[in-house]
1. Go ahead and set up a Gaussian network model of the chain, Cα springs under 10 Å, then flag whichever of Leu151, Leu179, Leu83 fluctuates most.
2. Using a Cα-Cα cut-off of under 17 Å, which lysines could be cross-linked to Lys173, ignoring same-chain neighbours fewer than 8 residues away?
3. Quick check: residue separation of Leu179 and Val210 times 0.36 nm, minus the Cα distance between them. What number comes out in nm?
4. Please find the FRET efficiency linking Asp21 to Arg122, where r is the Cβ-Cβ separation and R0 is fixed at 22 Å, and quote it to the nearest 0.05.
5. Take the Cα of Glu112, step 7 Å along the line toward its Cβ, and report every residue of segment 6-25 whose backbone nitrogen sits under 20 Å from that point.
6. Cut-off under 22 Å on the C-alpha distance; same-chain residues fewer than 8 positions from Lys106 excluded. Which lysines are left, in chain and number order?
7. What list of whole percents do you get for P(r) of the chain, with Cα-Cα distances grouped in 10 Å bins up to the one holding the largest distance?
8. Put a dot 7 Å past each Cα toward the Cβ at Ser154 and Arg49; how far apart are the dots in nm?
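Quick note: the coordinates plus some simple rules give every number you see, no bench work behind them. The model shown is predicted, which means the values in this text are computed figures rather than measured ones. Because the Cβ atoms are built from the backbone with ideal geometry, glycine has one as well, and the counts that use them run over all protein chains shown.
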Amino acid sequence: MTAARIMLVDDHALCRNGLSDLLTHRGGMQVVAALSKPDQVLAALREHRPDLVVLDLRMPEIDGLALLRRMRAEGIDTPALILTMSDSEADLSAALRAGVRGYLLKDMEPEEVIQAIANAARGELTVAPAMTLKLAQLLQSGGKGSDRRGLLASLTEREREILEHLARGESNKTIARALDISHDTVKLHVRHILAKLNLSSRVEAAVFAVEARVDADRRA
């Protein structure tokens, strides 16, 4: 299996270099670049084309989410994961709205961080265990019970099928291969799903799908 290609962006050398060593020597991943300057990131992403970019949230020149928005504006769709000291619900919410693939805390155990980054590089959604309750609280506004059933009813059969794939944390490319449709078609369906469910990110859609499944099991 090809080693996951990871890019790190963090202004603290100790964190940046320590994480690079962990991912390389204990995680079996390839760190293609470890940068401290946000102005180097766009060019490095185009050059190295990593599977995942790990962004610090708080940096002197630009915060990680602003950098992520700049990436998307430039047409760079590399999946991003936030690694931060902030356990703020507001920061988690902002990250979800920005479409991150994961939100991890720097005080997690090293093995937990390695595993979470490996999972995210494979296309899975990942959130620090300490943030799961806050994530659930944020998603409560997405609707419960009959509200969720009503929203699900607004989806087409194909959209519900894709939503199930999102719930498994699969990337657009993986979904496209599984359903034998184009990557662009999947992206269009995902946009329609988010709009119909009044959600802002794939993470929210995935959790919505899981909670809807739990509702169905309770009614069975």
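1. Among Leu151, Leu179, Leu83, the largest mean-square fluctuation in the Gaussian network model of the chain belongs to Leu179.
2. Lys187
3. 9.1 nm
4. The calculated FRET efficiency here is 0.55.
5. Hits in segment 6-25 for Glu112 at 20 Å: 15-16, 18-24.
6. Excluding near neighbours in sequence, the set is Lys37, Lys134.
7. P(r) over the chain, rounded to whole percents: 8, 33, 35, 19, 5, 0.
8. Distance between the two pseudo-spin positions: 3.8 nm.
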